[in-house]
Every structure is written in C-alpha cells, then in structure tokens.
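First up is the structure itself, then whatever we jot down about it.
All of the numbers you see were taken from the coordinates with simple rules; none came from a lab. Keep in mind it's a predicted model, so treat the numbers as computed, not measured. Every residue, glycine as well, gets a Cβ built from its backbone with ideal geometry; the counts of neighbours run over all protein chains shown.
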C-alpha cells in the first residue's frame, strides 16, 4: 500500500493532518500522539503581533459537536519562530503554518517572515474565521476580496499557499474558483459553521461572543458536500475537514474529491484520533485492495 500524497510539489507520508486551532503547534499533543506518524501538523493561527482572543466563556458543548469563539488567540510570530518551529523540527512530519491577520499587510508580514523558514512546507491562510470581526469575514465571504488577498499573498510567499475557505457563503464553488484564479496552490475546507447556543435557565448566551464556530460530527455532511462541490469547480488539490472521527469518515472525504484530510474537534474528544484515522484508511485500503491512496481521490461513482 502506498499512502503517500503530493500537494503542490510537497510530498506527505499519508493524507492525515491536524486541523488548525485544534492541535496547538504540536507540543500540546506530543505526549499522546506520535507526531512522526502524521502527514502534517497544521499549526494554530499565527499573527504578526500577539492576539488576546475573545472574552470568556468561549467554548460550549452542543449536540454532535462544539461551539468555539476563541478569536484566534496566539502569541505572535516572534514567539512562534523561537519556540514552536524548533520543537516541530525534531519530528519527521511536514509543518504547515496557519496564518491570520486583520489587514492584508498583517498577512503579508507573517508570510514574509515564514518564507525564511526552510522547515515550513506550506502556508494555510485563514481568511474565514467567523469569530474575528476585523478582516476575516470580509476576506472569506466575498469572492473579489478573497481573490485580492490570495493574489497579494502569492506575490510574497516562498512556500505553496493553501487558502482556507469559509462554509458561511452562498456558493462555495465561486469562492474556490476565485482562490484558484488568484494563484492558490491548494484549498482547505471547511472552516467552522457559524452557530449559537443560549442557556435557557440563565437566559444568557453560552458564549460571550454570542456566536461561535460549530465543529464536530454534526457538520460532516455539509463539509463532504462542499468539498465535492469545490472539487468539481477547481483543478487544484483540496484538503477536506469537518467532523472527521474515523478512517471511514476520512475515506468519504477522499471519495468526494479531497486529496488529504484534517482532523479537528475530535482531537479534544480523543487525542489519539489522528493515528486512528490513519490506521482506518490503511485498513480500508487493505480490505478493498487499494494500492495507492491517490486512487481514492474523487472516486465516488456518479
């Protein structure tokens, strides 16, 4: 069995990655997961300056998943380069850095700093976090804005660029085409779906931000549909995510057209989920005599 995949010239030992914001920068999970086993560690969002994030409470459990309104809290690019990159370099796994910002200039500043880091294989650009009021919504929900920021980032990036798409749009295919037209090397989707929870006993919002991003198994059917639609709309590779808990879930995304998958909310439920998903894909390939994982990509029968 060959589980290797290649995206934008970068080879991964298998198609299973971590979803940004659910795995820290790897250090937090190293006691529970063999990072050498993963296709890639996708880091938490990194900004030009430290971000404090949103006020608490900012996480709430809901049926079939969770809501979060963390607000992309992070220590900034200086701490990330000093602390997290050296840690990840110890492992035989690809490093993909998620980049966030409030302006185009913010994104570009981080992208340029990361361009000096040979250990970073790819950049994932977060233009679709629904919990950050400045920048992200405007960039992630309007095709022309997505096109402009993608084009500008590509002008400065030394690594291949993955644009992370928001599901909170009318036409995911239109957004996918805009990113591709602007030069994106790959897409990742879906980010969280905007949701809300109210405590009926306190008559208060469960999150201080009122709304948050819904993730977990509840969103998987929406994610599979959007990955399929995006795959029909563009020719560049897609990294699929949204409620993946098992190898079977991952295979479903591959059949829909994803070249790789990311495990997100389930890392909080079971820190070993990523390794179990890798094993599940291998077991599926063995059972159905699939020689290369690439043979599963987009192989759903019409």
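Observations
- Rg ratio for the stretch 248-302: its Cα radius of gyration over 2.2 N^0.38 Å, N being its residue count, equals 1.15.
- Among 252-259, 112-119, the order from most to least packed when residues are scored by Cβ within 10 Å on average: 252-259, 112-119
- Ascending count of other beta-carbon atoms within 10 Å, so fewest first, for 43, 246, 192: 246, 43, 192
- Fewest-first ranking of 85, 219, 236, using other Cβ atoms within 10 Å as the exposure measure: 85, 236, 219
- Pairs of alpha carbons in the chain whose separation is greater than 28 Å (percent): 32 percent
- Among 267-280, 46-59, sorting by the average number of other beta carbon atoms lying within 10 angstrom of each residue, highest first, gives 267-280, 46-59.
- Residue separation of residue 156 and residue 174 scaled by 0.36 nm, minus their Cα-Cα distance, works out to 4.1 nm of gained length.
- Considered as an equivalent ellipsoid built on the Cα gyration tensor, the stretch 21-78 has semi-axes of 22, 19, 8 Å, the largest given first.
- Rounded, prolate or oblate (a/c below 1.5 giving rounded, otherwise prolate when a/b exceeds b/c) for the stretch 1-51 by Cα gyration tensor: oblate
- For the chain, adding -39500 (n - 2.57) for each run of n ≥ 4 DSSP H residues and dividing by the number of residues yields -8500 deg cm²/dmol at 222 nm.
- log₁₀ of I(q)/I(0) at q = 0.22, 0.24, 0.26, 0.27 Å⁻¹ - the stretch 137-192, Debye sum with one point per alpha carbon: -0.74, -0.87, -1.02, -1.09
- With coordinates expressed along the principal axes, the C-alpha atoms belonging to the stretch 160-302 extend over 55, 37, 30 Å, beginning with the largest.
- A Förster distance of 45 Å, applied to the separation of the beta-carbon atoms of residue 103 and residue 1, puts the FRET efficiency at 0.50.
- Listed peptides 285-293, 22-30 by packing density, highest first (mean Cβ within 10 Å): 22-30, 285-293
- Counting only DSSP beta bridges whose two residues both lie in the chain, roughly 40 percent are antiparallel.
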